[in-house]
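The values are calculated or read from the model by the stated rules, or taken from the named source; none is laboratory data. These numbers come from a predicted model, not from an experiment. Note that we place each Cβ from the backbone using ideal geometry, even for glycine, and neighbour counts take in every protein chain shown.
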Amino acid sequence: MDQVKKTVEEIQVAVFMLNNTYYGVPILQVKEIVKMTEITKLPNTPDFVQGIVNLRGEIIPIIDMRRRFGLPDIEINENWKILILKSGEVLFGVMVDQISEVEKIPTSLIENPPKIVAGVNGKFISGIAKTENRLLILLDVERILSDEEIEMLQGIEETEL
């Protein structure tokens, strides 16, 4: 009984870094983590859409999370990774500075984000976890992209190269 209760009261998140800040996304929405690879640029897309990659025959749009969050660009290096995320039926990749780990977070450590971050970038945040070692910003994968952006990305996915 205690084991069942324990699993209900914690979530597993994939932890990554952007601009020396730790973020997490629910592990159930992470399809896979891949090394940084060559990204094919696309014309007439928002600046945060880095382009597309061919992942085992599947075209995956790639989002630059630094640009999405309004962070400064830095040079991409070998530490960078791409998290392939699933939002509904849409697969998309997000470029992150570094992957840290998969971590179990007790729900008792998660608080609502402060009202001051409720602006444009705050809409992506589902909560703040106060762990022993750090603050972890939990992202809502469903809100990283708007409905219009998802439709645009679905059009990209359906494009044949």
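Going through (1) among the small types (Gly, Ala, Ser); (2) at pLDDT 80 or above; (3) within 20 Å of GLN29 (Cβ to Cβ) one by one, GLY122 falls short only on (2). Filtering the stretch 77-119 to residues that are under 14 Å from ILE60 (Cβ atoms) and either in contact with a helix residue (DSSP H, G or I) (Cβ under 9 Å, 6 or more places away or on another chain) or touching a residue at least 60 places away in the same chain (Cβ under 8 Å) (or both) leaves LYS81, LEU83, LEU85, LYS86, SER87, GLU89, VAL90, LEU91, PHE92, VAL94, MET95. Tell me, please, whether a residue that is touching a residue at least 12 places away in the same chain (Cβ under 8 Å) and among the basic types (Lys, Arg) can be found in the stretch 38-57. No; the residues of the stretch 38-57 include none that is touching a residue at least 12 places away in the same chain (Cβ under 8 Å) and among the basic types (Lys, Arg). Exactly one residue out of LEU145, LEU71 is modelled with pLDDT under 90, surrounded by 11 or more Cβ atoms within 10 Å (Cβ to Cβ) and either among the basic types (Lys, Arg) or under 11 Å from the mean Cα position of the chain (by Cα) (or both), and it is LEU145.
Quickly run through the stretch 47-57 and pick out the residues that are surrounded by fewer than 12 Cβ atoms within 10 Å (Cβ to Cβ) and not basic (Lys, Arg). Passing the criteria: ASP47, GLY57.
When you check ILE62 against the structure, is it β-branched (Val, Ile, Thr) and free of Cβ contacts under 8 Å to residues at least 40 places away in the same chain, yes or no? When the stated conditions are applied, ILE62 passes them. Residue count for the stretch 25-39 under the criterion of being assigned to a helix (DSSP H, G or I) and either modelled with pLDDT of 95 or more or exposed (fewer than 15 other Cβ atoms within 10 Å of the Cβ) (or both): the result is 2. With respect to LEU91, is the statement that it is of a type in the set (A, V, I, L, M) and farther than 23 Å from GLU32 by Cα true? The answer is no for LEU91. Has the stretch 81-90 got at least one residue that is under 21 Å from ARG143 (Cα atoms) and outside any strand (DSSP E or B)? Yes, there is a match, as at least one residue in the stretch 81-90 is under 21 Å from ARG143 (Cα atoms) and outside any strand (DSSP E or B).
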